[in-house]
Structure formats: structure tokens, C-alpha cells
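What follows is one structure encoded as C-alpha cells, with my remarks underneath.
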Amino acid sequence: MSTSKPIPSPCIQQCRLDDAGQSCLGCRRTLDEIAGWSGFDEMQKQAVWARLRALPLPVVGKHCQRCGAAFRCGEGGPDGGCWCSELPAVLPLVPSGSDCLCPSCLRDTLRQAYAARGLSAPF
């Protein structure tokens, strides 16, 4: 019997199937992974998460929730990842239910968060 925390579902409540009808465009799980999740043991759930983490990030066109500027999420960073991966991981930065900030607004928000704690931003 495991005493560890349950492994959370990858579902992000943006459920929509791809054109082939085989994978969710939100969480990127296959139909078999979605249907089987509640019955999967910890090893099976960890295997799904490992597969999802190994996928390249999808590149998505977005608009900043603060200034409205268009930007691309999922590219421009080190090793081909998202540009935001080079910044400190500080969450949440936007209200629940909101989406990403553009590079300029995200950097400004991080600088303000660091300054509010009497720290200088490490970038």
C-alpha cells in the first residue's frame, strides 16, 4: 500500500480531440490513456507522465493577458523549449483561469515580485 500522494491527472480541462480522433489537444494523452487513467496503477500513471514530458512543447500563438501583445509560446528558449524556461519558475503569475504573459510583461511581473521581497531579479 502506497502512502505517497496520488498522481494527478494530466487533464487541463481543455478537452478536444486531434483531427485523427486519437489524442486530446489539451493534455496530449491518447484515448486509451484517458479512458484507462482511473484504473491505472502508479507505475502506469508515471509512464503516461514520462511520455508526456518527453514530447516537444507545442508552439502556440497567444495574446498577453496584460497588454494584449501577440507572442508565440513553446519556442525561443534554450534547447528548443519555450522562451520562458530561462526565467525563474515562480507561480502563479496570472490569476487562475488566465493564460500566459508576453516576454516583456512576464519579466516585469517577475521583477516586481522580486522587488516586493527586497530582492533583485536574477535576470
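What's the angle, to the nearest 10 degrees (0 to 90), between helix 42-54's Cα axis and the longest principal axis of the chain?
Tilt of helix 42-54: around 50 degrees.
About the Cα centre of the chain, what is the dipole size in debye to 20, counting +1 per Lys and Arg Cβ and -1 per Asp and Glu Cβ, all else neutral? Display every interim value, and only then the final one.
Details: 13 positive and 11 negative charges, 81 e Å.
I would put it at about 380 debye.
Here are labelled values, (1) 1.03; (2) 1.06; (3) 1.10, and one is the computed Rg/Rh (Cα atoms, Kirkwood Rh) for what I pasted. Which one?
The listed entry that was calculated here is (1).
Using per-residue counts of other Cβ atoms within 10 Å, averaged over each peptide, order 22-28, 113-119 from highest down. Before the final figure, lay out each step's value.
Numbers: 22-28: 15.3, 113-119: 10.3.
Averaged packing, sorted descending, gives the order 22-28, 113-119.
From the P(r) of region 1-55, could you give the percentage of C-alpha pairs in the tail past 19 Å?
Values: 386 of 1485 pairs.
Cα-Cα pairs of region 1-55 separated by over 19 Å account for 26 percent.
Positive end of the dipole of the chain, charges at C-beta (+1 Lys, Arg; -1 Asp, Glu), about the Cα centre: which of S104, C24, L57 has its Cα farthest in that direction?
Highest projection toward the positive end goes to S104.
Helix 103-116 sits at what angle to the longest principal axis of the chain, using alpha carbons and giving 0 to 90 degrees rounded to 10?
Value to nearest ten degrees: 70.
A short reminder: the numbers here are calculations on the coordinates, not readings from a lab. On a predicted model such as this, the values are computed, not experimentally measured, just so you know. Backbone-built Cβ (ideal geometry, glycine too); neighbour counts: all protein chains shown.
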